[in-house]
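Input: a single structure, listed below in structure tokens.
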Amino acid sequence: MTDIVAAPARKRDAVQTRQDLLEAARELFGTKGYDRTSLREVGERAGVDAALIARYFGNKMALYSATVEADSVGTPRIASVDDVERLVRRMLAKVDTHGVGPIVRTTIAPSSDIDPELREVARVHVQRRVTHPLTGTLIAAGIEPEEAALRAEQVVGMVFGVAALRAAGSLPGMAEASHDAIVATLMPAVRALCNGGSGS
């Protein structure tokens, strides 16, 4: 009788497991928020044991931080009007397929609803990727530093607001418009802020 040799257990793909957890966390943090999302839900959505979250990320806050970073993969530092337009198109595409992401949700939520540490993670991310590089560009164009920083933040407010309202579906024109239509009407306001010269 020939001995039957058991096939070796399939090795878990750590890279794919981590990616699955990040995708599940992005969806849940974006739709339910940080506080209402449990690690068990993230694990279930990813199809893995929630205990693996501790192995790959450490804790819930670290998972959130990693999710924020992963959510911006492929997005350049926003230092020009053209960069802003690319960001708008990318965010509209993501909103239409996955809903509002954790960065937007955390940034626009009232302070009373968000843990200060959580808000700080999102704030630092937005500053590093958007407001600081865009502020530097505006200062180089001759706008006073304080006003340049305000304009950069106003650009973020417009872009994030459009993404959040489209996801909410509460404004039918915003929800139903094509990406090209939104870009065509939004970008002149962005250009006015970025190219309008100093108002001081």
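Just one of (1) assigned to a helix (DSSP H, G or I); (2) in contact (Cβ under 8 Å) with a residue 40 or more places away in the chain fails for Thr97. It is (2). May I ask you to say which residue of Ala141, Ala152, Ala79, Ala109 is within 16 Å of Ala167 (Cβ to Cβ) and small (Gly, Ala, Ser)? Answer to the check: Ala109. Within the stretch 177-200, the set of residues being modelled with pLDDT of 95 or more and either within 22 Å of Glu27 (Cα to Cα) or in contact with a Lys or Arg (Cβ under 6 Å, 6 or more places away or on another chain) (or both) comprises just one member, His179. Residues in the stretch 187-200 that are surrounded by fewer than 18 Cβ atoms within 10 Å (Cβ to Cβ) and part of a helix (DSSP H, G or I): Met187, Pro188, Ala189, Arg191, Ala192, Asn195.
Tell me, please, whether a residue that is outside the structural domain of Leu28 (by TED's automatic domain parsing), in contact with a Ser or Thr (Cβ under 6 Å, 6 or more places away or on another chain) and either modelled with pLDDT of 90 or more or closer than 30 Å to Ala177 by Cβ (or both) can be found in the stretch 99-108. Yes: the stretch 99-108 contains one or more residues that are outside the structural domain of Leu28 (by TED's automatic domain parsing), in contact with a Ser or Thr (Cβ under 6 Å, 6 or more places away or on another chain) and either modelled with pLDDT of 90 or more or closer than 30 Å to Ala177 by Cβ (or both).
If you go through the stretch 128-150 one residue at a time, do you hit one that is surrounded by 15 or more Cβ atoms within 10 Å (Cβ to Cβ), among the hydroxyl-bearing types (Ser, Thr, Tyr) and at pLDDT below 90? Checking the stretch 128-150: not a single residue is surrounded by 15 or more Cβ atoms within 10 Å (Cβ to Cβ), among the hydroxyl-bearing types (Ser, Thr, Tyr) and at pLDDT below 90. The lone criterion from (1) touching a residue at least 12 places away in the same chain (Cβ under 8 Å); (2) in a helix (DSSP H, G or I); (3) surrounded by fewer than 17 Cβ atoms within 10 Å (Cβ to Cβ) left unmet by Val88 is number (3). Taking the stretch 12-61 as the range and being of a type outside the set (A, V, I, L, M), within 23 Å of Ser111 (Cβ to Cβ) and either assigned to a helix (DSSP H, G or I) or in contact (Cβ under 8 Å) with a residue 24 or more places away in the chain (or both) as the test, the residues that pass are Arg26, Phe29, Gly30, Thr31, Lys32, Gly33, Tyr34, Asp35, Lys60.
The values are calculated or read from the model by the stated rules, or taken from the named source; none is laboratory data. Since the structure is predicted, the reported quantities are computational estimates derived from the model, not experimental observations. With ideal geometry, Cβ positions are generated from the backbone for all residues, glycine too; neighbour counts draw on all protein chains shown.
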